[in-house]
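Read-outs: derived from the displayed coordinates by stated rules, not from any lab. Note that this is a predicted model, so its numbers are computed, not measured. Heads up, the Cβs are rebuilt from the backbone with ideal geometry, glycines too, and the neighbour counts pull from every protein chain shown.
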Ligand code: ADP
Ligand code: MG
């Protein structure tokens, strides 16, 4: 997944840790597009040719991602693969493609051309050159699977961090600490520099930002969340979006969706989603909290100021 993974347990349980890392590895092997072979790559390789039967969980995840992609005004696009591969942002050989190259790829990113057959459990990309990419949802999905696995093993207090997707179970097992404190990364500062602390219990905290994977060319910054309409990185007032939710898959989906909406629309949309909460960090130096229902946010950095909605 190209991300460091941290698992925090409060007992010395090597076998639980091994089980979790095995599970993550298995899921990565199914869902990656950064290697030649995976279930997802089998679908991609058969684009324009024939449907490919996948396992039920992979089918369900692709269905979910397609559904979110087809929401009105959604900037989440499960079929964004050809653009991601062209830009190579965060990988060796990243380049700014020509406007013509991007225009030529846009028709290959229509999520309506992802044909799902629930009975056969198959996925068909109808155009040659189409490619699925689950990069904006897979880590959330896998984090939820890890939580399920931990619970099955009787573990009720733990933390899993899949490169910015943090999922907490219960409360930390320290006498003096009744909530988890999740640090919010200060954009474009050394890794681990905090902007503030998000206190939660038993919640998922997912952050997506433009400062994690990007490159600079001729004074422009190109980051890894692409606008499916233009083919260029999404450009608005945001540096990062953090979503606090029960399930990490929702957090992962919503960081991308809200990112694309921008602050104003996102805050409006969140009034219809009382189970979610979001923290926006803007280029103007604001940290905007949608509410403090599901977490407590404490600002610790003087360069930014807090706005509570
Ligand atoms: P991260 O946790 O790596 O920041 P995100 O959840 O923000 O991940 O998703 C970014 C990844 O999703 C990109 O690296 C790419 O693989 C894929 N992606 C980029 N743009 C989009 C988009 N508009 N819709 C869906 N997936 C995208
Ligand atoms: Mg995401």
Provide the gained length on full extension for the span residue 98 to residue 301, in nm with one decimal, where the gain is 0.36 nm per separating residue minus the Cα-Cα distance. 69.2 nm
Rounded to the nearest Å, the spacing of the alpha-carbon centers of segment 122-159 and segment 14-62 is 9
Can you compute the helix-only [θ] at 222 nm over the chain? Use -39500 (n - 2.57) per DSSP H run of at least 4 residues, normalise by all residues, nearest 500 deg cm²/dmol. -9500 deg cm²/dmol
Going by the alpha-carbon gyration tensor, a ≥ b ≥ c the square roots of its eigenvalues, is segment 156-308 rounded (a/c under 1.5) or, if a/c is not under 1.5, prolate (a/b greater than b/c) versus oblate? prolate
Residues listed by number, segment 1-30, amide nitrogen under 16 Å from residue 153 label point at 7 Å toward C-beta: 5-27
Calculate, in nm to one decimal, what residue 178 and residue 237 gain on full extension: separation in residues at 0.36 nm each, minus their alpha carbon distance. 17.8 nm
How many angstrom lie between the Cα centre of segment 74-120 and the Cα centre of segment 249-264? 19
Would you calculate the separation in nanometres between label points at residue 283 and residue 26, each defined as 7 Å from the Cα along the Cα-to-beta-carbon direction? 4.4
Inter-label distance, nm, simple model (7 Å from Cα along the C-beta direction), residue 229/residue 308: 3.4
Based only on other Cβ atoms within 10 Å, what is the fewest-to-most ordering of 86, 103? 103, 86
How much of the DSSP beta bridge set in segment 156-308 is antiparallel, as a percent to the nearest 5? 90
Stretched fully, the stretch from residue 7 through residue 85 gains (0.36 nm per residue minus C-alpha distance, one decimal, in nm) 25.1 nm
Please work out whether segment 1-58 counts as rounded, prolate or oblate from its C-alpha gyration tensor, where a ≥ b ≥ c are the square roots of the eigenvalues and a/c under 1.5 means rounded, while otherwise a/b larger than b/c means prolate and anything else oblate? prolate
Is the C-alpha gyration tensor of the chain telling us rounded, prolate or oblate? Criteria: a/c under 1.5 is rounded; beyond that, a/b larger than b/c is prolate, otherwise oblate. oblate
